[in-house]
1. If LEU278 passes every condition in (1) part of a loop (DSSP other than H, G, I, E, B); (2) open to solvent by less than 10 Å² (accessible area, probe 1.4 Å); (3) not basic (Lys, Arg) but one, which one does it miss?
2. Residues in the range 1-27 that are touching a residue at least 60 places away in the same chain (Cβ under 8 Å), farther than 30 Å from ASP129 by Cβ and open to solvent by 40 Å² or more (accessible area, probe 1.4 Å): how many?
3. Filter the range 1-46 down to residues that are in a helix (DSSP H, G or I) and of a type outside the set (A, V, I, L, M), then give me how many there are.
4. Scanning for something more than 11 Å from the ligand (Cβ to nearest atom), open to solvent by less than 20 Å² (accessible area, probe 1.4 Å) and on the phi < 0 side of the Ramachandran plot, does the range 331-345 turn up at least one residue?
5. Restricting the search to the range 144-167, which residues are modelled with pLDDT of 70 or more and surrounded by fewer than 12 Cβ atoms within 10 Å (Cβ to Cβ)?
6. With the requirement that a residue be in a loop (DSSP other than H, G, I, E, B) and not hydroxyl-bearing (Ser, Thr, Tyr), what does the range 47-74 give you?
7. Kindly establish whether SER326 is among the hydroxyl-bearing types (Ser, Thr, Tyr) and open to solvent by 70 Å² or more (accessible area, probe 1.4 Å).
8. Say whether the condition of being within 8 Å of the ligand (Cβ to nearest atom) and surrounded by fewer than 20 Cβ atoms within 10 Å (Cβ to Cβ) is met by at least one residue in the range 349-360.
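The values are calculated or read from the model by the stated rules, or taken from the named source; none is laboratory data. Computed from a predicted structure; not experimentally measured. Cβ placement follows ideal geometry from the backbone for every residue including glycine, while neighbour counts extend to all protein chains displayed. Only protein heavy atoms, including side chains, enter the accessible area calculation; ligands, DNA and RNA are left aside. Shrake-Rupley method; radii C 1.70, N 1.55, O 1.52, S 1.80 Å.
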Amino acid sequence: MIEDWSRVYSAISDLRKSGVVDIDAWFDSHPHAIAEFRALHSFVEANDAVIELFEAGTKAAFFDRARQLLPADRTSNIAVYRAMLEGRDACQGERTLVTFSGKKVPIVWRCSLPDHVDGYRQLCFYAFDVTEQKKYNDRMQTMRAEMARSARVSLFGEVAASILHEISQPLSATRTSADAALRWLGHAPPNIDEVAESVRDAARWARDATEICRRMRGFLGKVPARSVLTRAYDAVDAALFLISPEASSKGVNIERHVERSLCVFADPVQIQQVLANLLLNGIYAIDENDGAQRNLSISAKLADANEALFEVQDTGTGMNAHTLESLFEPFFTTKANGMGMGLVVARSIVESHGGRIWVESTPQVGTRFSFTLPVSDNR
Ligand code: ADP
């Protein structure tokens, strides 16, 4: 589309002469100027794509309503004014157009800025309809959020739910048998045979619960791994993809330092779970801390010939001595909605791969989780 901005050019030149350098501040203190400036320009020509974009039918119909169809848009207009004031040779921006039928069309636009007033008599704007890209981005955002949620649910939820499910039955049976024993004891005279029978039952149910716990520990210690040569960079990338919506919604900056050629012998999905879990913990710790720094960093490098070292470091709340002692214990959490299983699972995954995990932390300063993984299957 071609527009005549020559009068706008003069107005901006006047502003520059009067000493205005910060155009945003100037428009802040002159709120009516946006509409006044918009009235200074006129439409010169529009190609078929413009008529189609606005669903105008004919060029005449478009020009009839062009002013209403393209009203002043503060962000978009100021982008051009700012570029003109600063003497730049091009500018670009985004806005949403409303067509004849009321449909909203997001566009990105660009225009080259001439350096003399004559050029402004025919200023060319190029616009691209980005509806599809926007839809795609929205879909990606939703997918990421869902993946992050489902990864966490499977990480914390399934393990905890199955433990609770399996041990709740023998526990309640233990209690029923103990209650029965008390009732037989309360009889006058007490029925010692029944008491003995109920106590034996209670002991058997308690043994069952212990056995289930033992099996569960075994299961957690030997999470079946599908170890393959995995690029550390890809695992980190996948974990960052999962947690990035959480990081951006909490304003956390993420830095990554991962050796591109580094490969580990590990189950890629499990390593990604460990990383995502450590990163999420870091984000929450940063969010709880009042400190000005909101930095999370993740690194992976070769520690020696056999091992890769991963580190996740945050500028969060840090941990006190009690938390440091207990954080790898099942169900230990300091969060209102925490499950306290994330680090248990992380440790069992790392150890089942033949690695080690440890933590260093300073209250109010931050925390660093480190873990190792073998770089080949010769362990
Ligand atoms: P959850 O996140 O459900 O609490 P985790 O096992 O992942 O379970 O973490 C257990 C506890 O360890 C957390 O509640 C928190 O107190 C502490 N913790 C874990 N990571 C960090 C961290 N990066 N900074 C401070 N505290 C942490």
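1. In the conditions (1) part of a loop (DSSP other than H, G, I, E, B); (2) open to solvent by less than 10 Å² (accessible area, probe 1.4 Å); (3) not basic (Lys, Arg), LEU278 misses (1) alone.
2. Within the range 1-27, residues that are touching a residue at least 60 places away in the same chain (Cβ under 8 Å), farther than 30 Å from ASP129 by Cβ and open to solvent by 40 Å² or more (accessible area, probe 1.4 Å) number 3.
3. 16
4. no
5. LEU164 - this is the single residue of the range 144-167 that is modelled with pLDDT of 70 or more and surrounded by fewer than 12 Cβ atoms within 10 Å (Cβ to Cβ).
6. Going residue by residue through the range 47-74, those that are in a loop (DSSP other than H, G, I, E, B) are 47, 54-58, 70-73.
Selection gives ASN47, PHE54, GLU55, ALA56, GLY57, LEU70, PRO71, ALA72, ASP73.
7. Against the criterion (among the hydroxyl-bearing types (Ser, Thr, Tyr) and open to solvent by 70 Å² or more (accessible area, probe 1.4 Å)), SER326 does not qualify.
8. Checking the range 349-360: at least one residue is within 8 Å of the ligand (Cβ to nearest atom) and surrounded by fewer than 20 Cβ atoms within 10 Å (Cβ to Cβ).
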